[in-house]
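Coordinate-derived values only; no laboratory data. Being a predicted model, the structure only gives us computed values, none of them experimental. For neighbour counting, all protein chains shown are included, and Cβ atoms are generated from backbone atoms with ideal geometry for every residue, glycine included.
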Amino acid sequence: MTEGFRKFFASESSGGIVLALAAALALVISNSGWADAYAAFTQIPGELRIGGDALVLAKPLIVWVNDLWMAVFFFLVGLEIKREFVAGELATRAQVVLPAAAALGGMVAPALIYVAINHADPAALRGWAIPAATDIAFAIGILMLLGSRVPPSLKIFLTAVAIIDDLGAIVIIALFYTSQLSMVALGGAAACLIVLALLNRAGVTRADPYILVGLVLWLCVLKSGVHATLAGVATALFIPVRDAKGGSPAEALEHGLHPWVAFLVLPMFAFSNAGVSLKGMAPSDLLAPLPMGIALGLLGGKAVGVFGSSWLLVRSGLAARPKDASWLQFFGVCVLCGIGFTMSLFIGGLAFEGMDASFETRVKLGVLGGSLLSGVIGALILSRGARSAESA
């Protein structure tokens, strides 16, 4: 395992724990006497003025978190994607084929399950992509808690699947979750991309110019109707992986951002978005088509899609099973891919934006339920697989 991956795992494991605590705290507060205060907190107004009254952005806290703070998360995702495909664990065809097939199967199967359960409700069908995402922080956090009982090859496999999965989610957001487009703003975004490309072509290795242009790009994308977080990914993809001295500007920036994203951005997102009131709800509410489609998509669809596509590829001789891992341990990791928390909640917010608040509640129930079950069952299977391997 490379040094970069060791540092990545260490950050993601502790970040996953903080993320879980933030989500749990939001659930507790939103079902306590502090529920009104929690709701008021998420709606704290924030305003940005540029050039006096020339440009005014006035949004509540939860929108700033989802549109601006999460752009920083997507920027980090973009850096990780570029590093792994250029000089990391996904740099060759042999390395990428298994996690790529697994990620594809893990996106298609959950979406099909969701659609099958919600086919009679056109409004609910907008959320077909919600269970297609894997939360890398939570999943890696559980793997790290299991320690040496999980072979390093499975940790690399899960990380690669989650990174490719994030790339797929980015494409889905760009293609299917955009509002009415502004051609003027899109033109400004295109101009920013040209400037970023010229900076890269000129061999500029300092991050400052890229980030400055990226902020302008974020503003243009925000006004264009395409979701603003995609500007983070686009900016990251232009930052050089190597400089003339053999250093890595992208990797240095990635390591610098990891603590901020893991311990501030994602926990704030979790705290702002995971609060759901369970008052007045009956067990039957959990069995409604929308939350059930999400939960079963995450728990069953991810496991079947990731494991099934991987098994077929290994059996056909096109890829090899991760080293030192049994099929049972491999299946346990496939179940962990059903932890969809961050990206699933994010896509759910986009899918039902502006619609009845009941959609938001049902999305949260499905995501939290499916992610919790996937985490617990996946960990139990991995523990059982470790004991079986020791006794063999």
With Rh as the Kirkwood radius over Cα pairs, the stretch 57-120 has Rg/Rh of 1.17
Which of the peptides 338-351, 316-329, 61-74 is most tightly packed, and how do the rest follow, going by the mean number of other Cβ atoms within 10 Å of each residue? 338-351, 61-74, 316-329
Read through the labelled values (i) 35, 24, 21; (ii) 56, 21, 19; (iii) 31, 29, 19 and report the label of the one computed as semi-axes √(5λ) of the Cα gyration tensor in Å from the structure. (iii)
Give me the compactness ratio for the stretch 63-188, meaning the Cα radius of gyration over 2.2 N^0.38 Å. 1.22
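Among the listed pairs K155/K279; K245/K323; K155/K223; K82/K223; K59/K364, which are separated by more than 28 Å between their Cα atoms? Write out the running numbers ahead of the final one.
Numbers: K155/K279 39 Å; K245/K323 35 Å; K155/K223 39 Å; K82/K223 26 Å; K59/K364 22 Å.
Too far apart for the 28 Å limit: K155/K279; K245/K323; K155/K223.
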Mind running the shape call on the stretch 163-212? Use the C-alpha gyration tensor, a ≥ b ≥ c as the square roots of the eigenvalues: rounded below 1.5 for a/c, prolate if a/b tops b/c, oblate otherwise. oblate
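For a footprinting-style exposure proxy, rank T229, T178, T134 by other Cβ within 10 Å, fewest first. Provide the component values of the computation, followed by the final result.
Numbers: T229 25, T178 15, T134 34.
Least crowded to most crowded, the residues run T178, T229, T134.
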Order these peptides, 37-49, 119-131, 260-272, 100-112, by their mean beta-carbon neighbour count within 10 angstrom, highest first. 100-112, 260-272, 119-131, 37-49
Shape call, the stretch 226-355: gyration tensor on alpha carbons, a/c limit 1.5: oblate
